[in-house]
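To keep things clear, I will list the structure first and then write my remarks on it.
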Amino acid sequence: MKKYAVITGASSGIGAEFARILAGEGYSLILAARRQERLEKMKKHLKTECEIVTVDLRKTEDCYRLFQTVEDRPVEIWINNAGFGNFGAFAAGSLQKELDMLDVNVRALHILTKLALRKMMKQNRGYILNVASCAGLMPAGPYMAAYYASKSYVTSLTRAASEELRSEKSPVYIGCLCPGPVDTEFNQVANVEFALKGISAAYCARCGYEQMKRRKTVIVPKCSVRLAMTLGRFLPEELYIRIAAHQQKKKSGGRKGAGAQKT
């Protein structure tokens, strides 16, 4: 019997690397993203069965359309990777861009997580991995306020659902991948320069896959980032947020304005 994996935001970055890993593991893939031409190009280089679903996850109807595509198939892995971020002072930022971001990072992920989880509970097996960020493990992120808030939602939702599954002794897994800086298109399009050296998208996806298989709920790929997240818990929250603000300002590289990147 075929085993299927669904990946949103599969056209580039971490999502594309997950596609390469899962193709190598013998999964039939359902790849979802806005950019059909990129998905078509990827499909040509993946040595497995691939189906492309072009969706704009800002639209609720596209979330349901994606799920309906795989509703009757034995989906073993569902990776919610689609999302984007922006940089800039909250008061100055585009409200529409932030609402679009919340639609993708929060609403779409919420819908797809619930639908996939219900499906896997009926199957009595499966893995759901929500791609969040180490931003979601911090109290706040000045100059990327809405993005940090959206990723906090992802980590909180995932942790809660994981505990519910554990208490019910369910074989279904749900976890969240929380990387620090990753070398993807985010840097260029969001008009930021990370203060810390980023990891490769391939390393991030490989770590996420391996730790998912080990059923770890919160996955932070890099040792230095894990250490920073641990130490941050011992700081007064106000100080922690001020340090975050200082680090965020470094990302602008001296440039003004804000940008965004969609996956």
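Among the residues of segment 63-105, those identified as among the β-branched types (Val, Ile, Thr) and surrounded by 19 or more Cβ atoms within 10 Å (Cβ to Cβ) are 70, 75, 77, 79, 104. In segment 44-62, the condition of being surrounded by 18 or more Cβ atoms within 10 Å (Cβ to Cβ) and among the polar types (S, T, N, Q) is met by no residue. Select from segment 109-125 the residues that are crowded, with 23+ Cβ neighbours inside 10 Å and without any contact (Cβ under 8 Å) to a residue 60 or more places away in the chain and write down the one among them that is nearest to residue 152 (Cα to Cα). Looking at residues that are crowded, with 23+ Cβ neighbours inside 10 Å and without any contact (Cβ under 8 Å) to a residue 60 or more places away in the chain, I get 109. Just checking, does segment 41-60 include any residue being in a loop (DSSP other than H, G, I, E, B), acidic (Asp, Glu) and free of Cβ contacts under 8 Å to residues at least 60 places away in the same chain? Yes.
Suppose the filter is under 21 Å from residue 100 (Cβ atoms) and at pLDDT below 95; does residue 35 pass it? Here the answer is yes, as residue 35 does meet what is asked. Which residues, counting only those in segment 91-150, are more than 12 Å from residue 80 (Cβ to Cβ), part of a loop (DSSP other than H, G, I, E, B) and aliphatic (A, V, I, L, M)? Hits for segment 91-150 are 91, 92, 138, 140, 144. Only residues that are assigned to a strand (DSSP E or B) and over 15 Å from residue 63 (Cα atoms) were counted in segment 1-36, giving 4. Restricting attention to segment 131-153, the residues that are buried (at least 23 other Cβ atoms within 10 Å of the Cβ) and more than 20 Å from residue 228 (Cα to Cα) total 1.
Condition check ((1) under 20 Å from residue 220 (Cβ atoms); (2) over 16 Å from the mean Cα position of the chain (by Cα)) across all residues:
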| residue | (1), (2) |
| --- | --- |
| 90 | no, yes |
| 104 | no, no |
| 127 | yes, no |
| 165 | no, yes |
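The values are calculated or read from the model by the stated rules, or taken from the named source; none is laboratory data. Just so you know, these numbers come straight off a predicted model, no measurement behind them. Virtual Cβ from ideal backbone geometry, glycine too; neighbours counted across all protein chains shown.
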